[in-house]
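To start, the structure under review is shown below, and the notes come after it.
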Amino acid sequence: MKHKKTLSEFKKKKILVIGDLILDRYIWGKVSRISPEAPVPIVEVTDEDFLLGGASNVANNIVALGGNATIVGVAGNDRGGDILRTILQEKGIQYEGILWGSRPTTVKTRVIAHSQQVVRFDREEKDRLDGKVLRKLLNYICSVLPDHDAVIISDYKKGIISSELVKEILKHSRPGNMFVSVDPKVGHFHCYKNVSLITPNVIEASLASGIEIRDDYSLINAGRLLLRKIPCEAVLITRGEHGMSLFRKDKVVHIPTVAKNVYDVTGAGDTVIATFTLAYTAGSSMEEAAVIANHAAGIVVAEVGTAVVTADALRKSLNNNRGLKITESSYA
């Protein structure tokens, strides 16, 4: 089975992850009454967790699958930064490419009661990097690129990703035909020209293409337009309960979801791009990599909170869903 060989190759691959680092804070509790001060629930806190989010979660997915990850970004010399550093160490993620400074670490705090999110509040700074910091990041990226098999750009629109950064990455990765994938954000699509792959969800694809995706016809028009507009080798549109669709120059492949239960989609996009990139660099075709990534997404959305998928769980899902009906068609 080809998937089995691909998964066994994960441990040999090293992925450079560049983007916005996020620390996800989860406050767990229960609600039994409403506040007398305002019409809001009173959450009785029972636990608190810190998990890797954003580009950090992409790297976390790579190592959870057995691959190797180096992360590049910025974080603060603050409590959030200390926690982030500790978790990265524990996970075995190489973080020498992180610049620690006065810019506060991005922290997203979610309050969860009875498996439902009550509220989320964010602490972040989204200003673009100044020239000095950007140059330091680029110097590091250029120095380590030859040691990696692929690049993932994880854009959460927190100020790290810019046209200049992407152009420099492509300038130094293209001579070796290195695979460069992007998890995009609306408003930044102009930055991604000539990358290998972008992985927008339906909303992002609709807004970036200017075509509201309501059915298969509008989906295909939006995907084809993005291929020309970026341009890039492939566009993978994630479609929630409808699975995902991979657009290439001459064809589109539709892959149905394998998710049995959907409890939380937080971080699912991180899992998709991490798994796809790892599978492709491990020898899969783009179509095969999309199928593997689809299985990974189906696993993580069944968990509450920012989750990752292991190689064993992925292997089990692939073995248990061999009859998945995948459709492929040309644009003619």
Exercise for the section: Please work out which one of (1) under 26 Å from A64 (Cβ atoms); (2) surrounded by fewer than 16 Cβ atoms within 10 Å (Cβ to Cβ); (3) in contact (Cβ under 8 Å) with a residue 12 or more places away in the chain is the condition A282 fails and give its number. Expected result: (2)
Problem - Conditions (1) touching a Leu at 6+ places or on another chain (Cβ under 8 Å); (2) among the basic types (K, R); (3) under 18 Å from G81 (Cα atoms): number failed by K136 - result: (3)
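Table: residues versus (1) among the small types (G, A, S); (2) farther than 20 Å from I255 by Cα; (3) exposed (fewer than 15 other Cβ atoms within 10 Å of the Cβ).
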{"site": "H172", "(1), (2), (3)": "no, yes, no"}
{"site": "H188", "(1), (2), (3)": "no, yes, no"}
{"site": "N194", "(1), (2), (3)": "no, yes, yes"}
{"site": "I198", "(1), (2), (3)": "no, no, no"}
{"site": "N201", "(1), (2), (3)": "no, no, no"}
{"site": "A205", "(1), (2), (3)": "yes, no, no"}
{"site": "E212", "(1), (2), (3)": "no, yes, yes"}
{"site": "D216", "(1), (2), (3)": "no, no, yes"}
Problem - Residue satisfying condition, being in contact (Cβ under 8 Å) with a residue 24 or more places away in the chain, touching a Leu at 6+ places or on another chain (Cβ under 6 Å) and over 13 Å from Y331 (Cα atoms), within set L246, L236 - result: L236
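Does L84 fit the bill of being hydrophobic (A, V, I, L, M, F, W, C) and free of Cβ contacts under 8 Å to residues at least 60 places away in the same chain? Let's see the steps before the verdict.
Details: hydrophobic (A, V, I, L, M, F, W, C): yes; free of Cβ contacts under 8 Å to residues at least 60 places away in the same chain: no.
No; evaluated as a whole, the condition is false for this residue.
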Problem - Yes/no for D127 being surrounded by fewer than 21 Cβ atoms within 10 Å (Cβ to Cβ) and either at pLDDT 95 or above or of a type in the set (A, V, I, L, M, F, W, C) (or both) - result: no
Practice task
Within the stretch 1-57, track down each residue that is closer than 19 Å to D78 by Cα, in contact (Cβ under 8 Å) with a residue 40 or more places away in the chain and surrounded by fewer than 17 Cβ atoms within 10 Å (Cβ to Cβ).
Solution key: D49
Problem - Failed condition for K108, given (1) under 22 Å from I141 (Cβ atoms); (2) in contact with an Asp or Glu (Cβ under 7 Å, 6 or more places away or on another chain); (3) not hydrophobic (A, V, I, L, M, F, W, C) - result: (1)
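The values are calculated or read from the model by the stated rules, or taken from the named source; none is laboratory data. Quick caveat: nothing in here was measured; it's all calculated off a predicted structure. Cβ coordinates were reconstructed from backbone atoms using ideal geometry, including for glycine residues, and neighbour counts include every protein chain displayed.
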